[in-house]
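Enquirer: Right, I'll just put the structure down here and ask away after.
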Amino acid sequence: MSKPLNIVKSRFVPINIENIDTDQIIPARFLKATTKDGFGKNLFRDWRYYNDDESKTRADFPLNMSQFDGEILVAGKNFGCGSSREHAAWSILDYGFRVVVSSFFADIFKNNALNNGVLPVQVSDEFLQRIFLQDNNTELTVDVEKQTITINSTGESEGFDINSYKKTCLLNGYDDIDYLISIKEDIQQFETQRA
Amino acid sequence: MPKTLFEKIWDTHIVKTIDDGPSVLYIDKHFIHEVTSPQAFTGMNKRGIKVLRPQQVVATADHNVPTLNQHLPIKEELSRKQVEALIQNCAEHGIELYGLGHPFQGIVHVIGPELGVTQPGMTIVCGDSHTSTHGAFGAIAFGIGTSEVEMVFASQCLLQSKPKLMRITIDGELNKGVVSKDIVLYILSQITASGATGYAVEFAGSAIRSLSMEARMTICNMSIEMGGRCGLIAPDETTFDYIKGRKFAPQGAEWNKKLSEWKELYSDADANFDKEIFIQAEDIQPMITYGTNPGMGIGVTETIPTTETINENDRSGLAKSLAYMGLEQGANIKGQKIDYVFIGSCTNSRIEDLRMVASFVKGKKKADDVEVWIVPGSKQVEAQAIEEGIDKIFEEAGFQLRQPGCSACLGMNEDKIPAGKYCISTSNRNFEGRQGAGARTLLASPLTAAAAAITGVVTDVRELLN
């Protein structure tokens, strides 16, 4: 079970960089944990601090800029490429984001996010650029039921895709494992047939 | 109806399909390692259930392990605990583990094929994006996250949507000094690091058919760097010859039965692909990357792109990439000073890679101010290298032959490249900080890396070949 997600109305943190890979989201040296907790403090670690030193913050990185806040992360296209590490999704969730908006997502990251109740919202390049142009007080509304994302100050809105199975999971906080365990007989029958 | 290779395998592994949702895909083999499995085991234990089909799971320790003194306890506490957790979890759930000290231990994508576990027509997953490697045998093989590892533990299945299909055909003959790593870096430079996202990619054509299994694995390995869900190559006599006689390969009557099934695994002549790309092998020269994603590659004699000449996809990132790399737009990459050479990783650490490097460096010495690490992909590769005397050639050249693991490909263990230093690497990713915070990675083939080890600078290996 993850926390159900329906409507997120929030300001956003913009990271206008393309091809953000999962090594940037959570560097490999933080993958030595055996639990899912506490990854948020190392989210974008090497972009947040100089020389891995928490007292030396990079003032020009959006996560360090006090004017930006919110449950929505907005990033350049091809977000989450590279490694399959689910730690990337855990760190984003643990930091406090529930939605990531980009014009393109890498496949494995998209699945990992959804499996943790973090919604990847894929928008057009044009709409993404419109969001980046908004000031830091602008709120976005992401509506899972209606499958829309809206820039509240201007009313501009765009639809996004999500299959109805995943939508039901998100709205209710269900996970795939519960479903797969529930169809155990079908799986055993499949195994018998092909043996 | 004509089918692609992908569809022939996919269709026979569907347990059921959810209306307007994903399919339930049955998984034949599940590889696990110490880094992406502990939370999945914890999830299983919380649910109070055991791994459904432990005999279809193979475990090894690779990501986190030291490459020196593997007989001693792991010094770094968190790494040691992760490896210990794997040992305990495998014991509790009845999973075969090829851990440190075992003669089969090694990088998960090296040991699967060399043990004959990886076979044509299978569905194969692992909590590691480079699982695409196994597709070289004509299997659907892809990387998954830890929640999905738990799903496969619990049900031997995954919920998956069928990807779109792409075929990349490479015809013709490879130029001197050009090897499979150059092919895949060239494809990446053409289609970019997101060019295959959403697709399963089949590699075909006469240049692919002429490659050994090791070389085919290098190409499928990096299909994830194009964003591909998986990469695959139709099995042929080269594939069957490689598998025959290996530890877990089918034997006797079972071999003949499997062989006749495997021979049906190819894309039918009129099968439909959503996208097709054609490449002429003669257009490819030894490749090297200059930027911070694997799509940012050029021929070794070419100049680094400028904002005007680079493909649109990488334009906005060029300045940031080059600032990180300490390189200039429009400059030559050839002649760039190198500090480290890393030959290893699931991309290029197989016996054929080590033989290629050894035959090139035999009788030569490394440049004085370069450190060279050779990290074999497995204990079996290491043993074979020693048996063939390759270790002596490396020693005389001043190269360090280390013990098997993922090592400096991702720098989870002590094998890190210091900040600001240049490393020519046979691995798969040149992301910022990948080989250590501030490290600067240039991806290349084992031959091009070996040439740089000798000269101390980025070199056109063709000038050193007879």
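Enquirer: Working out 0.36 nm times the residue gap between residue A:189 and residue A:135, then minus their Cα-Cα distance, what length gain in nm do you get to one decimal?
Expert: 13.8 nm
Enquirer: Continuing with this model, one more query. Give me the Debye-computed log₁₀ of I(q)/I(0) at q = 0.12 Å⁻¹ for the protein assembly as shown, equal point scatterers on Cα only, no solvent, two decimals.
Expert: -1.35
Enquirer: Want the number for residue B:164 to residue B:75: 0.36 nm per residue separation, take away the alpha-carbon distance, what's left?
Expert: 27.5 nm
Enquirer: Determine the shape class of chain A: with a ≥ b ≥ c the square roots of the Cα gyration tensor eigenvalues, call it rounded for a/c under 1.5, and otherwise prolate if a/b is greater than b/c, oblate otherwise.
Expert: oblate
Enquirer: Report the residues of segment B:448-463 in range of a label on residue B:328: point 7 Å along Cα→C-beta, backbone N strictly under 14 Å from it.
Expert: Counting only backbone N, you get no residues.
Enquirer: For labels at residue A:156 and residue B:16 in the simple 7 Å Cα→Cβ model, what's the distance in nm?
Expert: 4.4
Enquirer: Moving on to the next point. Could you work out the Kirkwood radius for segment B:1-107, taking every pair of different alpha carbons, averaging 1/r and inverting it, reported in Å?
Expert: Evaluated on segment B:1-107, it is 16.1 Å.
Enquirer: Give me the inter-chain shielding for B:192-205: mean count of other chain Cβ atoms within 10 Å, whole number please.
Expert: Partner Cβ neighbours, averaged per residue: 2.
Enquirer: Tell me, in nm to one decimal, what length is gained between residue B:386 and residue B:270 on full extension, where the rule is 0.36 nm per residue of separation less the Cα-Cα distance?
Expert: Taking residue B:386 through residue B:270 to full extension adds about 37.0 nm, to one decimal.
Enquirer: A further question follows. Taking the inverse of the average 1/r across all pairs of different Cα atoms in segment B:50-128, what Kirkwood radius in Å do you get?
Expert: 13.6
Enquirer: Principal axes first, then extents: for the Cα atoms of segment B:300-416, list largest minus smallest coordinate on each axis, whole Å, largest first.
Expert: Sorted largest first, the three principal extents are 52, 30, 24 Å.
Enquirer: Once label points are set 7 Å from the Cα along Cα→Cβ at both residue B:302 and residue A:69, what is their separation, rounded to one decimal in nm?
Expert: 4.8
Enquirer: Okay, next question. Averaged over peptide A:84-91, how many Cβ atoms belonging to another chain are found within 10 Å of each residue's Cβ?
Expert: Across the residues of A:84-91, the mean count of other-chain Cβ atoms within 10 Å is 6.
Enquirer: Calculate the mean, over all residues of peptide B:137-150, of how many other protein chain Cβ atoms lie within 10 angstrom of the residue's Cβ.
Expert: Taking the mean over all residues of the peptide, I get 5.
Enquirer: Give me the orientation-averaged projected area of the Cα convex hull of segment B:139-187, in nm², one decimal.
Expert: It is 5.5 nm².
Enquirer: Among A:188-194, B:116-122, how do they line up by average Cβ neighbours within 10 Å per residue, starting with the highest?
Expert: B:116-122, A:188-194
Enquirer: Considering only DSSP states other than H, G, I, E and B, which GluC sites (Glu not before Pro) in segment B:223-326 qualify as loop sites with at most 13 other Cβ atoms within 10 Å?
Expert: Loop-located and lightly packed - B:264, B:308.
Enquirer: Quick one: plug the Kirkwood hydrodynamic radius of segment A:82-155 (C-alpha pairs) into Stokes-Einstein at 10 °C, 1.306 mPa s, and report D in µm²/s.
Expert: Taking Rh from Cα pairs, D becomes 120 µm²/s.
Enquirer: If we sort B:317-324, A:96-103, B:340-347, B:401-408 on the protection proxy, mean other Cβ atoms within 10 Å, highest first, what's the order?
Expert: Taking the mean over residues of other Cβ atoms within 10 Å, the ranking is B:340-347, B:401-408, A:96-103, B:317-324.
Enquirer: Say R0 is 30 Å: what FRET efficiency, to the nearest 0.05, do residue A:53 and residue B:315 get from their beta-carbon distance?
Expert: For R0 = 30 Å, the calculated efficiency reads 0.40.
Enquirer: Per-residue counts of other Cβ atoms within 10 Å, averaged by peptide: what ranking do you get for B:161-174, B:191-204, B:450-463, highest first?
Expert: B:191-204, B:450-463, B:161-174
Enquirer: Another question, then. Quick check: pseudo-label points 7 Å beyond the Cα along Cα→Cβ at residue A:37 and residue B:419, how many nm apart are they?
Expert: So the two model labels end up 3.1 nm from each other.
We did not get these values from a lab; they are worked out from the coordinates using the rules stated. Since the structure is predicted, the reported quantities are computational estimates derived from the model, not experimental observations. Using ideal geometry, Cβ is built from the backbone for each residue, glycine included, and neighbour counts are taken over all protein chains shown.
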